[in-house]
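A.B. asks: Shown below is the structure under consideration.
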Amino acid sequence: MSHEVIGAAIEVHRQMGSGLIESIYERCMLRELEVRSIPATTQQLVRIEYKGVVFDEPLRFDIMVDSCLLLELKAVEALHPYSKEQLFSYMKLLDVPVGLLINFHEPVLKNGISRMILPGANQTEGKRSFLLKHPRIAPHHQAPILQQFLV
């Protein structure tokens, strides 16, 4: 799935170039994924359960692809470490195993793509669809694996 999504991001970057605001890239990515028949959702509230209390946290992820890949889109000159922490937080909250941090500001997009893997995420069969309706904090506390993606 990552390969197809990265291909979509490269196409958006080819068509739009760098230097635009993040919301434009988000809308273009959603359209490109739709054209490629890749299911994606965006900007959903994160629902958290803690000791029997459920509440909506106003943190919003950028794009969830096919319920198994989370995208955090940026358009900045230099990524702040907070961007990776933000993606990791969403991955934990939604129990998503793979995330891509994509910085559209890079002149060569492959230099702006990092992949994060959350060990132990989403290993229970049937859990994915439940979590999208009722996301919660994942029971594991393992550190993410960060990879610089090379195309």
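A.B. asks: Just one of VAL5, VAL46, VAL12 is touching a Pro at 6+ places or on another chain (Cβ under 7 Å) and among the aliphatic types (A, V, I, L, M); which is it?
C.D. replies: Going through VAL5, VAL46, VAL12 in turn, the sole match is VAL46.
A.B. asks: Just the residues that are among the charged types (D, E, K, R), buried (at least 16 other Cβ atoms within 10 Å of the Cβ) and in contact (Cβ under 8 Å) with a residue 60 or more places away in the chain, please, taken from region 41-68.
C.D. replies: Listed by number, the list holds a single entry, ARG47.
A.B. asks: In region 16-49, what residues are closer than 25 Å to ASN111 by Cβ, assigned to a strand (DSSP E or B) and β-branched (Val, Ile, Thr)?
C.D. replies: THR42
A.B. asks: Restricting to region 25-40, name every residue that is surrounded by 14 or more Cβ atoms within 10 Å (Cβ to Cβ) and either touching a Gly at 6+ places or on another chain (Cβ under 7 Å) or not charged (D, E, K, R) (or both).
C.D. replies: The answer is TYR25, CYS28, MET29, LEU30, LEU33, ILE38, ALA40.
A.B. asks: Let me ask something else. Could you tell me which residue of region 3-17 is farthest from the chain's Cα centre (by Cα), considering only residues that are surrounded by fewer than 16 Cβ atoms within 10 Å (Cβ to Cβ) and of a type in the set (Gly, Ala, Ser)?
C.D. replies: Among those residues, the one meeting the criterion is GLY17.
A.B. asks: From the list ILE63, ILE48, which residue is among the β-branched types (Val, Ile, Thr) and under 23 Å from GLY7 (Cβ atoms)?
C.D. replies: ILE63
A.B. asks: Right, next: From the list LEU71, LEU87, LEU79, exactly one residue is surrounded by 13 or more Cβ atoms within 10 Å (Cβ to Cβ) and part of a strand (DSSP E or B). Which is it?
C.D. replies: LEU71
A.B. asks: For the structure I just gave you, tell me whether ARG31 is touching a residue at least 24 places away in the same chain (Cβ under 8 Å) and either out of contact with any helix residue (DSSP H, G or I) (no Cβ under 7 Å at 6 or more places or on another chain) or at negative phi (or both).
C.D. replies: no
A.B. asks: If the Cβ limit is 8 Å and pairs must be 6+ apart or interchain, which residue in region 85-104 that is at negative phi and free of Cβ contacts under 8 Å to residues at least 60 places away in the same chain pairs with which residue that is of a type in the set (S, T, N, Q) and in a strand (DSSP E or B)?
C.D. replies: Between residues of region 85-104 that are at negative phi and free of Cβ contacts under 8 Å to residues at least 60 places away in the same chain and residues that are of a type in the set (S, T, N, Q) and in a strand (DSSP E or B), the close pairs are LEU101/SER114.
Table: residues versus (1) over 17 Å from TYR25 (Cα atoms); (2) modelled with pLDDT under 90; (3) among the aromatic types (Phe, Trp, Tyr).
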position	(1), (2), (3)
HIS80	yes, yes, no
PRO107	no, no, no
ILE117	yes, no, no
ALA121	yes, yes, no
LYS127	yes, yes, no
ILE137	yes, yes, no
ALA143	yes, yes, no
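A.B. asks: Moving to a separate point now. Within region 50-67, how many residues turn out to be under 11 Å from the mean Cα position of the chain (by Cα) and assigned to a strand (DSSP E or B)?
C.D. replies: 4
A.B. asks: Which one of the conditions (1) touching a Phe, Trp or Tyr at 6+ places or on another chain (Cβ under 9 Å); (2) assigned to a helix (DSSP H, G or I); (3) buried (at least 19 other Cβ atoms within 10 Å of the Cβ); (4) not aliphatic (A, V, I, L, M) does GLY99 fail to meet, given that it meets all the rest?
C.D. replies: Here GLY99 meets the rest and fails (2).
The values are calculated or read from the model by the stated rules, or taken from the named source; none is laboratory data. The shown structure was predicted, so the numbers you read here are calculated from the model rather than taken from an experiment. Neighbour counts are summed over all protein chains in view; Cβ atoms, including those assigned to glycine, are modelled from backbone coordinates with ideal geometry.
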